[in-house]
Amino acid sequence: MASNNQTLVTEFILQGFSEAPQLQIFLFISFLFLYLIALTGNILIVMAISLDSGLHTPMYFFLANLAILDIGCTSTVLPKLLENLVVEKKSISYEGCMTQLYFLSCFLGTELLLFTAMAYDRYVAICHPLRYSTMMSRMVCMLLVSSVWATGSLSSLLHTGLMMRLTFCGPNEIQHFLCEIPSLLLLSCSSTYLNNIMVVIADVYFGVINFVLTLVSYGFIISNILKIRTTEGKKKAFSTCSSHLMVVSMYYTTIIYTYIFPGSGSSMDNSKVVTLLYTAVDPALNPFIYTLRNKDFKIALKRMFSFIH
């Protein structure tokens, strides 16, 4: 009977932000603007780093990977959200839901791991500058990034596989605008015990452990910066990691709110807003945060535009 019921669930109904037509138009324009900003900014980052040999350093190599992750994350969520703002039936197929779940989990998990690698890179640059070229060689950077992508992909594959073994026999209305693990587990009419265990393990590994490792790196960084005697030296050292620290703070705040303390919100609308922050707002802001105060990147952009012109 369960298998028969499973075949009946061919689509899920997604909950929108508002039923008011005027507000939906405003939301569509706002989300489309965020999407275009995120795509443009992150594509420019990848292009500039790829084309300018002066940016072929570990820090910019990690930044290019972060930009690719932001492109993937926002492209996994916003096109479907934009579609559901203009159609009457806000739905997503079962296969489409599982696909969105896989890529969203993959990009989010990989980004958390990448933040840890970027924090380690800044730790080596500031605390061990003389050994930086050895400790962060091209091979080391490639291994770090490869392991980050592989771990995020395998973890997402595991969670998606566990989700696909569940039975969904109704209701099929997701109390969210996307397919993510917490919302889907609430709809299953079969045991989610194993899924919940794996979610806790993933939360501890991706959220808690990586957050602690990032804090440890920045603890050493701040301690080392405070030992610098000149004010100018302190500003220069801190400027190399302030952008990353700002992005990490924003990202971890929203992820912890959504996945580690999912019941902490006062309403489902709060959860939607927070999810929108790390799937749309953060990817749109990251290019500005990383580039506005970066002279090397501004020079690389000018060279790129002058070459294209």
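Name, by its number, the condition in (1) under 24 Å from the mean Cα position of the chain (by Cα); (2) open to solvent by 50 Å² or more (accessible area, probe 1.4 Å) that does not hold for residue 58.
If we test residue 58 against (1) under 24 Å from the mean Cα position of the chain (by Cα); (2) open to solvent by 50 Å² or more (accessible area, probe 1.4 Å), just (2) comes out false.
Can you find a residue in region 195-203 that is at pLDDT 90 or above and in contact with a Gly (Cβ under 8 Å, 6 or more places away or on another chain)?
The first filter runs over region 195-203 and keeps only residues at pLDDT 90 or above, leaving 195-202.
Subsequent filtering for residues that are in contact with a Gly (Cβ under 8 Å, 6 or more places away or on another chain) retains 202.
So far as region 195-203 goes, yes, one or more of its residues are at pLDDT 90 or above and in contact with a Gly (Cβ under 8 Å, 6 or more places away or on another chain).
When you scan region 157-207, how many residues do you find that are open to solvent by 20 Å² or more (accessible area, probe 1.4 Å) and either of a type in the set (Asp, Glu) or at positive phi (or both)?
3
Looking at region 108-134 only, could you name the residues that are open to solvent by less than 10 Å² (accessible area, probe 1.4 Å) and free of Cβ contacts under 8 Å to residues at least 40 places away in the same chain?
The one that is open to solvent by less than 10 Å² (accessible area, probe 1.4 Å) and free of Cβ contacts under 8 Å to residues at least 40 places away in the same chain: 124.
Here is a list: 95, 83, 88. Which entry is assigned to a helix (DSSP H, G or I) and either more than 23 Å from residue 41 (Cβ to Cβ) or open to solvent by less than 50 Å² (accessible area, probe 1.4 Å) (or both)?
On the way: 83 fails: either more than 23 Å from residue 41 (Cβ to Cβ) or open to solvent by less than 50 Å² (accessible area, probe 1.4 Å) (or both); 88 fails: assigned to a helix (DSSP H, G or I).
Result of the check over 95, 83, 88: 95.
What is the residue count in region 212-238 for residues that are part of a helix (DSSP H, G or I) and more than 30 Å from residue 276 (Cβ to Cβ)? Before the answer, list the steps.
Initially, region 212-238 is screened for residues part of a helix (DSSP H, G or I), giving 212-226, 231-238.
Right, trim to more than 30 Å from residue 276 (Cβ to Cβ) and you get 216, 219-226, 231-238.
The total comes to 17.
The values are calculated or read from the model by the stated rules, or taken from the named source; none is laboratory data. A quick note: this is a predicted structure, and the numbers were derived from the prediction, not measured. Using ideal geometry, Cβ is built from the backbone for each residue, glycine included, and neighbour counts are taken over all protein chains shown. Side chains are part of the model used for accessible areas, which takes the heavy atoms of the whole protein and leaves out ligands, DNA and RNA. Shrake-Rupley method; radii C 1.70, N 1.55, O 1.52, S 1.80 Å.
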